[in-house]
Amino acid sequence: MKNDFEDAQGHIKADNISPIPDSPRLLGPDSGWVRNERNLLSNFYSMYQPEVVYVPEWDDGEGYPYLMWFFAWAYNQENDAAGKYPGYPGGDAIFLARAKALEGPWEIYSINYDTGEYFWDQEQKPYFWYPVLTCQDVWYDSWHVGDPSVVYKDGVFYMAYSAMGCDEDMIPAHLSGDTDGNASCIMGAVSEDGIHWTRSEKPLIIWEKEKGYNEKAEPARYMGGHQRPSLMYEGGVWKMWYDYHGDLIGYAENAGDFMDASGWKELYNGDRPLIRAVDFDVVKIGEMYYAYGDPFLSWYGIKDETLPDYPEPSGSWNQRQITEYRSPDGINWTVTGWFRPDEGYGADQIPQVFLDHKNGRVCIFYATQRGRKFSEEYDWRWDNIRMMYKDVKLF
C-alpha cells in the first residue's frame, strides 16, 4: 500500500474541520472518542509507552502487520534477576508485540529459557518476554532504555529511544555514594525486522554538560534529562520532539543520516522550550499537528472536580491525565483538551498516537495507572495497555 506521505506513521489526510477551542475542553464520547476499556496487554508488573507501527507489505492475510514496542518491567521491579528470574542488563528494557489487527490478539516476543528457542507468547506470560533492546555499559546508557518512537520507512524501522546511565561515577542516583545523579539522552537504532537492532554509536541528542553534572545539587540550572522522543520524517527532514528538564519540550531536526549524531540540531532547548509538557507524542492530521501527553492539568489552569487530589509521597499522580495539544507548525502549541481516566483507575497515561489509515481512525494507545484500584496507598505503576480511537473525519 503506497501512501502519499513520506511517514505514514506520522501523517494522515484530513480536512481539519475542528477549530482550535478558546480554552481546553473535556474530551470524551461527545467529541467523538470511542473507548471500550478493553485490555490489549496485561498481566505484567509495570509497562507502558505502547508505540504501534503498521507494515503494509506484511498485511497479506497471513502475516502480522502491526507491531508494538513497549517498555519497563515485565515480571518484577527493575526486571531484577536477584537469583530468581532470568536477567539481562539494566532495569527498564524495550519489548515487542505483534498482531494481525489493532484490536488483537497481541502476542509478545519471548524466549524459552530451557531450550533457548524464541517464540511469540499468546498467553501473556511476562516471565518469558524477551527484550529487543537493553542498556549498554557506558555512562549515559547503563541503567534504563525505553520510550521507543518508531518510523517505518523504505523497509527499515528507525527508532529514537531514551537511555539512562549512572553518569560519570557509574552509581545510580538512588544508591548511597552517588555524586552526580543520573545521565539521560536520546539514542537511535535501526532494524529491518523490529527485533534485531543496530544502535547509534553515541547519543543523537544529549545536553553538552550532562556528564558529571549533579542535577540533585543544582536542579534549576539542569537543562539535560533528554528523553521521551517523538520521531517524525517530513519533507526529507527527520524531526524530533522530546522532554528535558523534567517538564519542558524541546525540538530538533536532522536533514541527513538519522544515525549521525552530528546531523541533529536542537532548535528549541535550554531556556527556550516549545511548551511546558511531558510525554509529548506528535502526529500530523491534515495540515494540523496534534500532540498528546500526560502533564499535570494544573499547569494549564485545568481543574477537574471529578479527580480527587491524592497528595501521596509519589506526588499526586492522578492529577496527570492525557492531554491534547494542537499546532499549525509543530512549534507554537495550544492546549486544547483533556481526558478523564478509565473507570476504576486513578489515571490514564503515556499516550502514543497511531494513525490507522486502513480504517480512517486516529488511535491513542495508553496505559492504565493502578492508583487506588487495589490498595489504599496510591500505586503509580501501570497494569494494562489499552486503546481509544476517533474517526479522522471528525478532526
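The values are calculated or read from the model by the stated rules, or taken from the named source; none is laboratory data. Note that this is a predicted model, so its numbers are computed, not measured. In this analysis, Cβ positions are derived from the backbone assuming ideal geometry, glycine residues included, and neighbour counts consider all displayed protein chains. The area values use the complete protein model at the heavy-atom level, side chains included, leaving out ligands, DNA and RNA. Shrake-Rupley method; radii C 1.70, N 1.55, O 1.52, S 1.80 Å.
Note on exposure: E51, E208, E62, E253 ranked by accessible area (1.4 Å probe, complete protein assembly) read E208, E62, E253, E51, with the most exposed listed first. Each peptide in 156-162, 216-222 was scored by the mean count of other Cβ atoms within 10 Å over its residues; highest first, the order is 156-162, 216-222.
Taking trypsin sites (Lys or Arg not before Pro) across segment 292-395, the ones in a DSSP loop with at most 10 further Cβ atoms lying within 10 angstrom of their Cβ are K303. Modelled spin-label separation between D169 and K358, with each label point placed 7 Å from Cα along the Cα-to-Cβ direction: 5.2 nm. On a per residue basis, the convex hull of the C-alpha atoms belonging to segment 27-158 measures out at 159 Å³.
Under the classification rounded if a/c is under 1.5, otherwise prolate if a/b is larger than b/c and oblate if not, where does segment 1-75 fall, given a ≥ b ≥ c as square roots of the Cα gyration tensor eigenvalues? Judged from the Cα gyration tensor, segment 1-75 comes out oblate (a/c at least 1.5, b/c at or above a/b).
Taken about its Cα centre, segment 1-76 carries a charge dipole of roughly 380 debye when the Cβ of each Lys and Arg holds +1 and the Cβ of each Asp and Glu holds -1. Against the compact-protein benchmark of 2.2 N^0.38 Å, the Cα-based radius of gyration of segment 183-261 scales to 1.20.
Kindly state, as a whole number, the per residue volume in cubic angstrom of the convex hull around the alpha carbon atoms of segment 202-319.
On the way: hull volume 15.6 nm³, N = 118.
Expressed per residue, the convex hull around the Cα atoms of segment 202-319 is 132 Å³.
For the chain, the square roots a ≥ b ≥ c of the C-alpha gyration tensor eigenvalues yield an a/c under 1.5, which makes the shape rounded. These residues, E107, E123, go from largest to smallest accessible area, 1.4 Å probe, as E123, E107. Sites listed here are GluC sites (Glu not before Pro) in segment 320-395 whose DSSP assignment is loop and whose Cβ has at most 14 other Cβ atoms within 10 Å: E343, E376, E377. Accessible surface of K265, taken over heavy atoms with a 1.4 Å probe and every protein chain present, rounds to 110 Å². The alpha carbon centroids of segment 120-172 and segment 246-297 are separated by 20 Å.
Counting only heavy atoms of the protein chains, get the accessible area per residue of segment 195-235 (1.4 Å probe) and round it to a whole Å² value. Could the numbers behind the result be given before it?
Details: 2190 Å² over 41 residues.
For segment 195-235, the per-residue accessible area is 53 Å².
Ligands, DNA and RNA excluded, the heavy atoms of H174 present near 120 Å² of accessible surface to a 1.4 Å solvent probe.
Ordered by solvent-accessible area of protein heavy atoms (1.4 Å probe), largest first, the residues E305, E234, E37 come out as E305, E37, E234. Please report the antiparallel percentage of DSSP beta bridges with both residues in segment 223-326, rounded to the nearest 5. Looking only at bridges with both residues in segment 223-326, the antiparallel portion is about 100 percent. In segment 252-305, the inverse of the mean reciprocal separation of distinct Cα atoms equals 13.9 Å; this is its Kirkwood hydrodynamic radius.
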